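The structure appears below as structure tokens.
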Amino acid sequence: MTGQPRLAVVGAGPAGLAGALAAAARGVHVTLIDAADQAGGQFFRQPATALRARRPQALHHQWRAWQRLRDGLERHVTEGRTEHLAGHHVWCAERGSAGSLMVHALRGAAQDEGVAVRADAVLLATGGYEQVLPFPGWTLPGVVTAGGAQAMLKGGLVLPGRTVVVAGTGPLLLPVATGLAAAGARVAALVESADPRELLRRAPVLASQPGKLAEGAWYAGLLLRHRVRTLARHTVVEAHGTDRLEGVTVAALDRGGRVRPGTARRIDCDTLAVGHGMLPHTDLAETLGCTLAGMAVRVDGEQRTDVPGVWAAGESTGIGGAALALAEGHIAGRSIAARLHGTEPDPRGWAPAARTRARLRTFFAAADSVYAPPAGWADRVGDDTVVCRCEEVTAGEIRGAVGSLGAGDLRTVKLLTRAGMGWCQGRVCAPAVAGLTGCPLNPGRRPFARPVPLGVLAALPVDHGEKD
Amino acid sequence: MNPLELADARPGPAFTVTFDGRAVDALPGQTVAAALWTAGVTAWRSTRGSGRPRGVFCGIGVCFDCLVTVNGVPNQRACLVPVRPGDVIRAQEGTGGTND
């Protein structure tokens, strides 16, 4: 290796920023590649610059952590140690013939200009996206993902409507409900299918997480202040409307996740912000050949994948929130710097981050079991409910592919019904198809992480695509 | 309170775009989706199969539900594309192609 070692970081959220800063501080030249115009990812998503927000922190949690990351990035960029390629949408990463790695991105207003970044190592910090399980009415305009409502609020300073129901399951619902309320929406109800008190029954895990307890109490206070009615162990059973959302029916759940008869009631609203947890983005890791553990990228104690030169951190290695992503990114950045300089990293250098990582992984493993979607959700999806939003494939067709046609895996269901064959490539419907059919949910194995113009593919140099 | 007040935003002057021929105000920095939401428009696509209305769903570019035609180019994700003065935005029917 000659000259300064080069690292490409994909994703400028908490994990990518922490990794970039740790590596750049240790003599690595970092190229930080991110789709957004500003760093921050989804957690630290900033209002568009031209909106000139003087108090963006009003929409944020952990603002100091963001300031530290932002200032660090600015310093490294100013001093020439880091390049920040904003507005670059990565569609593929590959290993070249000489052991180097190549990251391909699209940029430009129409995302049709190809850009390639060569590096000695890649840190995948691609984050996650929200899972939404189907229910009657979920395709109506006015039904948005909880994270989507939050992203539009933080980035564009807009609200989806006047009266919002926030529903589903998972810790994300709390900041979404309180954020929308603070920004002027009337949050008619926060509908959580789990019972958060279940977390308290896991005392040993909680006792090790005073920070998480305090965070929960803080959100509880905000919900009270905004007079948000919280319905635990409830679910939305149907969204109503013809051309747009007019209301939802919610009902209580029993311990088995079934709707308790006689508890259904209608809540009028023009917006439903709904989410059922998060899934890791693993497209680039899959293309590179990284082994996955379940739906997440498998990493070792240094955040290395099993592909030489490729590290991963944050939600792509398992859903666990911003603090865990920061710890993982920091460890990855230090490991990368040591390895690229040809030395063995000393884990004692990142011991505090490793302790944080261990604690938070334990916490989120417990939270995962509490915030699982209710067991009975698939039974409530009628045969005429659209499940694949892109290809308009109904639950009845999907059930038929298994029941009458004998499909035994997601790929066969897709070939028989087109569920997962549309624009989003099954990112939205795959968990639902798996749940409805009993087929195992496995990663999609997509060759490209996003649509690529043929002209960009045609313009690639001929030696691309070689595998060593 | 609205989000702009909450964040104490002082954007430059609003400009005009059109949505299906109707004038709509937009703020510099907003996406097409944010501008349409501000104008009270929540649906701007009809599906290929049953012609059902759709708008923003995921808000982060994953789901492709918010496809829209901007300045004659179909299949643009409204939640990602920045709105620019004078944009001609049209609801997208079906695939957005001319042969639908």
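The values are calculated or read from the model by the stated rules, or taken from the named source; none is laboratory data. Just so we're clear, the structure is a prediction, and the values are computed from it rather than from any experiment. Here the Cβ positions follow ideal geometry from the backbone for every residue, glycine too, while neighbour counts run over all protein chains shown. For the accessible areas, the whole protein counts, side chains as well, though only heavy atoms, and no ligand, DNA or RNA atoms are used. Shrake-Rupley method; radii C 1.70, N 1.55, O 1.52, S 1.80 Å.
General remarks:
- For the range B:10-28, the candidate set comprises residues that are over 13 Å from the mean Cα position of the chain (by Cα) and within 8 Å of chain A (Cβ to nearest Cβ); within that set, the residue that is nearest to B:G61 (Cα to Cα) is B:P28.
- Members of the range A:386-411 that are touching a helix residue (DSSP H, G or I) at 6+ places or on another chain (Cβ under 7 Å) and away from chain B (no Cβ under 14 Å): A:A395, A:I398, A:R399, A:A401, A:V402, A:L405, A:A407, A:L410
- The listed residues are A:A65, A:A58, A:A86, and the only one of them that is under 24 Å from B:T38 (Cα atoms) and among the aliphatic types (A, V, I, L, M) turns out to be A:A58.
- One residue stands out among those in the range A:161-172 that are small (G, A, S) and closer than 26 Å to A:I319 by Cα: the one that is surrounded by the fewest Cβ atoms within 10 Å (Cβ to Cβ), which is A:G170.
- So A:P374, is it open to solvent by less than 60 Å² (accessible area, probe 1.4 Å), outside any helix (DSSP H, G or I) and at pLDDT below 95: yes
- Out of A:P204, A:P175, one residue alone is open to solvent by 10 Å² or more (accessible area, probe 1.4 Å), free of Cβ contacts under 8 Å to residues at least 12 places away in the same chain and not in a loop (DSSP other than H, G, I, E, B). It is A:P204.
- Of the criteria (1) within 28 Å of A:V205 (Cβ to Cβ); (2) at pLDDT 95 or above; (3) of a type in the set (A, V, I, L, M, F, W, C), which one A:A432 fails: (1)
- Scanning the range A:412-436 for residues that are crowded, with 21+ Cβ neighbours inside 10 Å and of a type in the set (D, E, K, R) yields A:K414, A:R427.
- Selection within the range A:408-424: residues that are of a type in the set (A, V, I, L, M) and out of contact with any Gly (no Cβ under 9 Å at 6 or more places or on another chain). The member of this set that is farthest from A:P136 (Cα to Cα) is A:L415.
- Looking only at the range A:31-45, and only at residues there that are at pLDDT 95 or above and surrounded by fewer than 21 Cβ atoms within 10 Å (Cβ to Cβ), the one that is nearest to the chain's Cα centre (by Cα): A:Q38
- Of all residues in the range A:123-149, those that are farther than 14 Å from A:V236 by Cβ, open to solvent by less than 10 Å² (accessible area, probe 1.4 Å) and among the hydroxyl-bearing types (S, T, Y) total 0.
- Considered as a group, the residues in the range A:178-197 that are closer than 25 Å to A:D254 by Cα and open to solvent by 50 Å² or more (accessible area, probe 1.4 Å) include one that is farthest from the chain's Cα centre (by Cα), and that residue is A:R197.
- The residue that is most open to solvent (accessible area, probe 1.4 Å), counting only those in the range A:378-402 that are on the phi < 0 side of the Ramachandran plot, in a loop (DSSP other than H, G, I, E, B) and of a type outside the set (S, T, N, Q), is A:D384.
- Some residue of the range A:222-234 being open to solvent by 20 Å² or more (accessible area, probe 1.4 Å), free of Cβ contacts under 8 Å to residues at least 60 places away in the same chain and more than 25 Å from A:A367 (Cβ to Cβ): yes
- Verdict on A:E74 being without any contact (Cβ under 8 Å) to a residue 24 or more places away in the chain and either closer than 25 Å to A:G309 by Cα or assigned to a helix (DSSP H, G or I) (or both): yes
- Scoring A:T169 on the criteria (1) in contact with a helix residue (DSSP H, G or I) (Cβ under 7 Å, 6 or more places away or on another chain); (2) touching a residue at least 40 places away in the same chain (Cβ under 8 Å); (3) among the β-branched types (V, I, T) leaves a single failure, condition (1).
- The set of residues in the range A:225-255 that are out of contact with any strand residue (DSSP E or B) (no Cβ under 9 Å at 6 or more places or on another chain) and more than 14 Å from chain B (Cβ to nearest Cβ) comprises A:D254, A:R255.
- Those strands (runs of 3 or more DSSP E) lying entirely in the range A:244-355 with at least 1 residues in contact with a Cys (Cβ under 8 Å, 6 or more places away or on another chain): A:245-252, A:310-312
- Yes/no for A:R348 being modelled with pLDDT of 95 or more, more than 24 Å from A:L174 (Cβ to Cβ) and open to solvent by 20 Å² or more (accessible area, probe 1.4 Å): yes
- Look at the range B:56-79: where a residue is closer than 11 Å to B:A33 by Cα and more than 9 Å from every other protein chain (Cβ to nearest Cβ) and a partner is among the charged types (D, E, K, R) and not in a loop (DSSP other than H, G, I, E, B), sitting 6+ places away or on another chain with Cβ atoms under 6 Å, you get B:C66/B:R77.
- Checked against (1) among the β-branched types (V, I, T); (2) facing chain A (nearest Cβ under 7 Å); (3) surrounded by fewer than 23 Cβ atoms within 10 Å (Cβ to Cβ), B:T31 meets all criteria but (3).
- Within the option set A:G301, A:G320, A:G309, A:G294, being open to solvent by less than 40 Å² (accessible area, probe 1.4 Å) and out of contact with any strand residue (DSSP E or B) (no Cβ under 7 Å at 6 or more places or on another chain) holds for one residue only, A:G320.
- Lone unmet requirement of (1) facing another protein chain (nearest Cβ under 9 Å); (2) in contact with a helix residue (DSSP H, G or I) (Cβ under 8 Å, 6 or more places away or on another chain); (3) of a type outside the set (S, T, Y); (4) open to solvent by 30 Å² or more (accessible area, probe 1.4 Å) for B:W44: (4)
- Count of the range A:46-64 residues which are assigned to a loop (DSSP other than H, G, I, E, B), open to solvent by 40 Å² or more (accessible area, probe 1.4 Å) and within 9 Å of chain B (Cβ to nearest Cβ): 3
- So B:D25, is it assigned to a strand (DSSP E or B), within 27 Å of A:V187 (Cβ to Cβ), free of Cβ contacts under 8 Å to residues at least 60 places away in the same chain and not aliphatic (A, V, I, L, M): yes
- The residues in the range A:144-158 that are of a type in the set (A, V, I, L, M, F, W, C) and either part of a loop (DSSP other than H, G, I, E, B) or more than 7 Å from chain B (Cβ to nearest Cβ) (or both) can be counted, and the count is 3.
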